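The values are calculated or read from the model by the stated rules, or taken from the named source; none is laboratory data. Quantities reported herein were computed from a predicted structural model and do not represent experimental measurements. Here the Cβ positions follow ideal geometry from the backbone for every residue, glycine too, while neighbour counts run over all protein chains shown.
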Ligand code: PEP
Ligand code: MN
């Protein structure tokens, strides 16, 4: 089979799993309007930043002030944390959501936070502007159907072991249930390489941009697991065509309750934010 024929066969076969998410059905990029001039998927890239988890109100406020002054409009922070070990910090739950909402409102920021379970969806929807589906839940189909009925935008993260076809099929569940506000997030996959926490699938960025019209984010923090790698990987992601980044920042990474090693110091983040302005989408 010649390459062209093979490629078109492959794209046709694959896209039958994700008709609604396919670029074929929807040639124009989805530009999500999050209000007050904030658009995702348009000409400007969007940077989401914040701690891995909400730990306490004072430290989140201090960090949010720095981030907001740097032009960050979407604050991240987990209140319900999906942790590998049951002994690890599981998040502050509803108290974390309340803190996140209060702090974000003070600085006129949007809130993105993870929904880990259908039973918590209504609660998270009460406080969040954007619902995050974590990599571990990418194929939790009932949860996907449930957020598909929500009126809030959804950021769907790729599982460490999902193919792009599987990733887009998961996005399809959300679209099919009626929610058209879907953003994708590549956050590193598991490969034989052990030097970093995960391996960023840089190919996924231009491939997804071809396969779908949905905005594509990259999470360089989870992709690398190492704050010192985040600047290079962030720039590479934007250069490869990502619509945005989601970056973990913590004022005292050595004391963070989760993901300290990959959390950038605020001063390093500010430097990176400036450098990113120079990288075209
Ligand atoms: C997160 O962003 O908080 C997170 C848990 O990431 P992931 O689902 O990609 O592991
Ligand atoms: Mn994290």
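Taking the conditions exactly as written (within 20 Å of residue 76 (Cβ to Cβ), within 13 Å of ligand 1 (Cβ to nearest atom) and assigned to a helix (DSSP H, G or I)), does residue 234 satisfy them or not?
Considered against the rule, which asks whether it is within 20 Å of residue 76 (Cβ to Cβ), within 13 Å of ligand 1 (Cβ to nearest atom) and assigned to a helix (DSSP H, G or I), residue 234 comes out as no.
Of everything in the range 170-194, what is more than 18 Å from the chain's Cα centre (by Cα) and either without any contact (Cβ under 8 Å) to a residue 12 or more places away in the chain or closer than 20 Å to residue 39 by Cα (or both)? Give them in sequence order. Explain how you work it out, then say what you get.
Restricting attention to the range 170-194, the residues satisfying the condition of being more than 18 Å from the chain's Cα centre (by Cα) are 176-178, 191-194.
Of everything in the range 170-194, those that are more than 18 Å from the chain's Cα centre (by Cα) and either without any contact (Cβ under 8 Å) to a residue 12 or more places away in the chain or closer than 20 Å to residue 39 by Cα (or both) turn out to be 191, 192, 193, 194.
Kindly evaluate residue 214 against the criterion of being under 16 Å from the mean Cα position of the chain (by Cα), modelled with pLDDT of 95 or more, farther than 20 Å from residue 247 by Cβ and surrounded by 20 or more Cβ atoms within 10 Å (Cβ to Cβ).
When the stated conditions are applied, residue 214 passes them.
Take the residues of the range 219-257 that are free of Cβ contacts under 8 Å to residues at least 40 places away in the same chain and within 14 Å of ligand 2 (Cβ to nearest atom): which is surrounded by the most Cβ atoms within 10 Å (Cβ to Cβ)?
Ranking the qualifying residues of the range 219-257, first place goes to 220.
Return yes when residue 186 is surrounded by fewer than 16 Cβ atoms within 10 Å (Cβ to Cβ) and either in contact with a strand residue (DSSP E or B) (Cβ under 9 Å, 6 or more places away or on another chain) or modelled with pLDDT of 95 or more (or both) and no when it is not.
Considered against the rule, which asks whether it is surrounded by fewer than 16 Cβ atoms within 10 Å (Cβ to Cβ) and either in contact with a strand residue (DSSP E or B) (Cβ under 9 Å, 6 or more places away or on another chain) or modelled with pLDDT of 95 or more (or both), residue 186 comes out as no.
Among the residues of the range 35-55, which ones are touching a helix residue (DSSP H, G or I) at 6+ places or on another chain (Cβ under 9 Å), more than 11 Å from ligand 1 (Cβ to nearest atom) and either assigned to a strand (DSSP E or B) or under 21 Å from residue 276 (Cα atoms) (or both)?
Across the range 35-55, the qualifying residues are 45, 47, 49.
Give the residue, chosen from 59, 68, that is in a helix (DSSP H, G or I), modelled with pLDDT of 95 or more, farther than 27 Å from residue 162 by Cβ and within 16 Å of ligand 2 (Cβ to nearest atom).
So the residue among 59, 68 that is in a helix (DSSP H, G or I), modelled with pLDDT of 95 or more, farther than 27 Å from residue 162 by Cβ and within 16 Å of ligand 2 (Cβ to nearest atom) is 59.
Just need a number here: residues in the range 204-231 that are assigned to a helix (DSSP H, G or I) and more than 20 Å from residue 262 (Cβ to Cβ).
Selection size over the range 204-231: 6.
If you check 126, 98, which single one turns out to be surrounded by fewer than 16 Cβ atoms within 10 Å (Cβ to Cβ), farther than 27 Å from residue 231 by Cβ, more than 15 Å from ligand 1 (Cβ to nearest atom) and modelled with pLDDT of 95 or more?
126
Mind checking which residues of the range 120-147 are part of a loop (DSSP other than H, G, I, E, B), in contact with a strand residue (DSSP E or B) (Cβ under 8 Å, 6 or more places away or on another chain) and within 22 Å of residue 160 (Cβ to Cβ)? If you could, list the steps in order and put the result at the bottom.
Quick first cut of the range 120-147, residues part of a loop (DSSP other than H, G, I, E, B) only: 128-129, 134, 138-140.
With in contact with a strand residue (DSSP E or B) (Cβ under 8 Å, 6 or more places away or on another chain) added as a condition, the list becomes 128-129, 134, 138, 140.
Hits for the range 120-147 are 134, 138, 140.
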